[in-house]
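What follows is a set of notes on a single structure, which appears directly below.
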Amino acid sequence: MAANPRFEVSFPKAAHPEAVTGMVYVAVSRENDRTPVEQTSTTGVPLFSTCIQALKPGIAAVIDGKSRSYPLASLRDLPAGKYWVQPFVNIYTRFPRADGKTVWLHMDQWEGQDWKRSPGNLFGTPVQITFNPKSSRPIRLVADKIIPPIQIPADTGMVKRIRIKSDILSKWWGQPIYLGATVLLPRDYALHPDVKFPVNYIHEHFTLEAPGGFGKGGDFDKLWLDNRTPRFLYVSLQHPSPYYDNSYGVNSENNGPYGDAILYELIPAIEKQFRAIAQPWARILTGGSTGGWIAVAHQVVHPDFFGGCFASCPDALDFTCHQIVNIYEDENAYHVHNEWMKVPRPNERKTDGNILSMMEDENHYELVVGDKSRSGGQWDIWEATYSPVGKDGYPQRIWDKSTGQIDRRVAEQWKKYDIRLILETNWAALGPKVADKLNIYVGDMDSYYLNNAVEKLNTFLSTADNPKFTGEIIFKRRAPHGWGQSAAELLEKMTRQIKKTAPPRADLEGWRY
């Protein structure tokens with residue numbers, strides 16, 4: 001009889017008295033300077049997983065040679081030797097959605113949809129074992145510890161926080177859903193009680209830090225407190241979803257009406273509590289990467305609500321360049337197939353061209369973390385945002401997660417979120433509203449090839465007519481992902497944008513004290 005190496009993972013009633021639906025993981029590492037779970041990633045240590053449904057306390061979940069694993073193909077491929085191993089339980093919540101579908105997903109606990117540190121999830125202390133792939137004796141592990149609640153930083157004189165329950169999203173998801181923001185007030189805000197301020201709405205990955213990293217004593221602190229700095233409200237928006245640390249800010253079949261919730265609940269709450277100029281010309285969007293895409297999307301989808309967009313290294317603005325995949329024409333996301341061979345597609349690079357990971361690597365890692373687009377990872381949130389709902393209530397796959405084979409029918413449904421396509425198709429109506437409001441900055445060696453989609457958008461905008469495009473798109477030679485304008489440059493450009501688009505008799509001086 002063939003050997004069947006396996007882990008058996010359980011959790012005690014004292015840690016979680018109810019049955020659990022979710023994921024069970026075992027992470028394996030050679031060193032324990034960081035816990036094995038902390039070492040897992042696209043280029044990290046082996047991770048093994050299994051889905052669980054209504055698993056009761058004290059009952060073991062089995063991870064064996066048939067379970068999902070990454071980067072190894074199977075637990076049987078783990079070489080004999082001594083390892084540190086750690087069990088983990090990622091707990092899902094039942095969401096009876098308003099669209100009639102019921103799904104199980106991880107509920108964000110204001111940690112930013114990060115299963116490794118989400119309050120209430122269970123883990124065990126790493127233990128050292130001797131592993132023999134030829135042995136069928138189970139290795140029993142216990143996840144008996146609970147991740148504690150997130151400690152939200154206290155407000156200060158200049159940094160304030162707001163968190164609201166969204167009625168729109170709670171009704172749609174069938175569970176309480178919260179939105180929030182961290183607001184950095186301008187210098188001497190309290191000394192000018194009659195002054196209202198323009199707002200920089202910042203989209204980024206979930207963070208509880210102050211906008212710009214204020215309070216750390218760095219260059220941004222000096223800039224913000226300088227007498228010459230334009231006075232803005234700097235607002236980092238927080239809208240994690242059950243799929244990711246950031247909802248992508250648009251209405252979505254799978255992710256729900258986050259666009260409506262942000263525009264009609266969160267922003268009004270911010271502008272009511274703080275002295276904002278609640279006018280389109282005084283609402284400026286910024287963001288990078290995921291936030292860069294949201295900033296552009298918000299300006300394009302809601303052209304009359306915002307007065308300008310300054311986006312850095314945005315996610316794919318043209319799905320003929322979804323990173324390095326043309327979802328409309330390519331057959332496979334992971335490989336280019338030639339007659340005699342297949343060439344793997346890269347996923348991440350250095351600025352000198354050296355490859356850090358391949359497309360199938362990150363996708364396969366996500367599949368081990370969670371099936372049905374439930375990993376909380378980058379490729380899965382794109383599916384949750386752009387794809388139609390499947391019969392089972394989860395996002396339809398843009399491509400087979402195991403093989404990379406693209407589903408053209410799903411790709412067609414993504415067109416409603418293809419920013420370049422939206423602009424080109426609707427320029428006669430959108431152009432007059434956004435031609436002077438779109439500004440994009442990206443390195444021409446973006447680590448994730450995101451400059452390619454910006455190039456496609458730039459090609460269209462540079463030839464657009466009636467009206468001409470008068471924003472700016474800047475490519476920085478040899479710059480990686482994350483490059484963009486400095487805070488000082490952005491503040492000046494946002495101020496000029498406000499002066500350019502403000503109506504006659506608007507107050508452009510009161511907030512320049």
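The values are calculated or read from the model by the stated rules, or taken from the named source; none is laboratory data. Since this is a predicted model, take the numbers as computed values, not measurements. Ideal geometry is used to build each Cβ from the backbone, glycine not excepted, and the neighbour counts take in all protein chains shown.
Restricting to the range 90-101, name every residue that is outside any strand (DSSP E or B) and touching a strand residue (DSSP E or B) at 6+ places or on another chain (Cβ under 8 Å). Residues satisfying the conditions are TYR92, ARG97, ASP99, LYS101.
Residues checked against (1) under 22 Å from GLY484 (Cα atoms); (2) polar (S, T, N, Q):
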site	(1), (2)
SER170	no, yes
THR182	yes, yes
ARG187	no, no
PRO193	no, no
PRO198	yes, no
HIS239	no, no
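Selection of helices (runs of 4 or more DSSP H) fully inside the range 361-457 by the criterion of at least 1 residues being more than 14 Å from TYR243 (Cβ to Cβ) returns 408-413, 419-425, 427-434. Among the residues of the range 68-83, those that are of a type outside the set (D, E, K, R), closer than 24 Å to VAL142 by Cβ and in contact with a helix residue (DSSP H, G or I) (Cβ under 9 Å, 6 or more places away or on another chain) comprise SER69, TYR70.
Of all residues in the range 343-360, exactly one satisfies the criterion of being of a type in the set (Gly, Ala, Ser) and assigned to a strand (DSSP E or B), namely SER357. How many residues are crowded, with 18+ Cβ neighbours inside 10 Å and out of contact with any Lys or Arg (no Cβ under 6 Å at 6 or more places or on another chain) when one looks only at the range 121-130? Selection size over the range 121-130: 4. Please tell me if ARG76 is part of a strand (DSSP E or B), modelled with pLDDT of 95 or more and either of a type outside the set (S, T, N, Q) or more than 23 Å from the chain's Cα centre (by Cα) (or both). Answer is no for this residue. Would you confirm whether any residue within the range 484-507 is on the phi > 0 side of the Ramachandran plot, modelled with pLDDT under 95 and either buried (at least 17 other Cβ atoms within 10 Å of the Cβ) or not hydrophobic (A, V, I, L, M, F, W, C) (or both)? The answer is yes; a qualifying residue exists.
So that you can scan it fast, the table gives a plain yes or no per residue for (1) crowded, with 17+ Cβ neighbours inside 10 Å; (2) touching a helix residue (DSSP H, G or I) at 6+ places or on another chain (Cβ under 6 Å); (3) modelled with pLDDT of 95 or more; (4) closer than 21 Å to ASN32 by Cβ:
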{"site": "LYS66", "(1), (2), (3), (4)": "no, no, yes, no"}
{"site": "GLY100", "(1), (2), (3), (4)": "no, no, yes, no"}
{"site": "ASP108", "(1), (2), (3), (4)": "yes, no, yes, no"}
{"site": "ALA143", "(1), (2), (3), (4)": "yes, no, yes, yes"}
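The condition of being at pLDDT 95 or above, crowded, with 16+ Cβ neighbours inside 10 Å and more than 30 Å from ILE277 (Cα to Cα) holds for only one of HIS302, HIS322, that being HIS322. The residues in the range 189-214 that are within 24 Å of PHE310 (Cα to Cα) and either surrounded by 19 or more Cβ atoms within 10 Å (Cβ to Cβ) or in contact (Cβ under 8 Å) with a residue 12 or more places away in the chain (or both) can be counted, and the count is 18. Going by what's in this entry, would ALA384 be described as among the aliphatic types (A, V, I, L, M) and closer than 29 Å to ALA479 by Cβ? No; evaluated as a whole, the condition is false for this residue. Look at the range 394-419: where a residue is surrounded by 14 or more Cβ atoms within 10 Å (Cβ to Cβ) and a partner is modelled with pLDDT of 95 or more and basic (Lys, Arg), sitting 6+ places away or on another chain with Cβ atoms under 7 Å, you get TYR394/LYS372; ASP407/ARG397; VAL410/ARG397.
The rows are residues; the columns are (1) over 24 Å from LYS372 (Cα atoms); (2) surrounded by fewer than 16 Cβ atoms within 10 Å (Cβ to Cβ).
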site	(1), (2)
ALA3	yes, yes
PHE11	yes, no
ALA14	yes, yes
PRO17	yes, yes
VAL24	no, no
ALA27	no, no
ARG30	yes, yes
THR40	no, no
GLY44	no, no
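Taken across the range 272-285, residues that are outside the structural domain of PHE95 (by TED's automatic domain parsing), within 22 Å of the chain's Cα centre (by Cα) and either under 21 Å from ALA453 (Cβ atoms) or modelled with pLDDT under 95 (or both) do occur, with at least one present. Among the residues of the range 117-162, which ones are under 19 Å from HIS106 (Cβ atoms), within 23 Å of the chain's Cα centre (by Cα) and among the charged types (D, E, K, R)? Answer for the range 117-162, where residues must be under 19 Å from HIS106 (Cβ atoms), within 23 Å of the chain's Cα centre (by Cα) and among the charged types (D, E, K, R): just ARG117.
Of all the listed residues (GLY390, GLY443), the sole one being of a type in the set (Gly, Ala, Ser) and in contact with a helix residue (DSSP H, G or I) (Cβ under 7 Å, 6 or more places away or on another chain) is GLY443. Within the range 343-376, the set of residues being touching an Asp or Glu at 6+ places or on another chain (Cβ under 6 Å) and surrounded by 21 or more Cβ atoms within 10 Å (Cβ to Cβ) comprises ASN347, GLU366, SER373, SER375.
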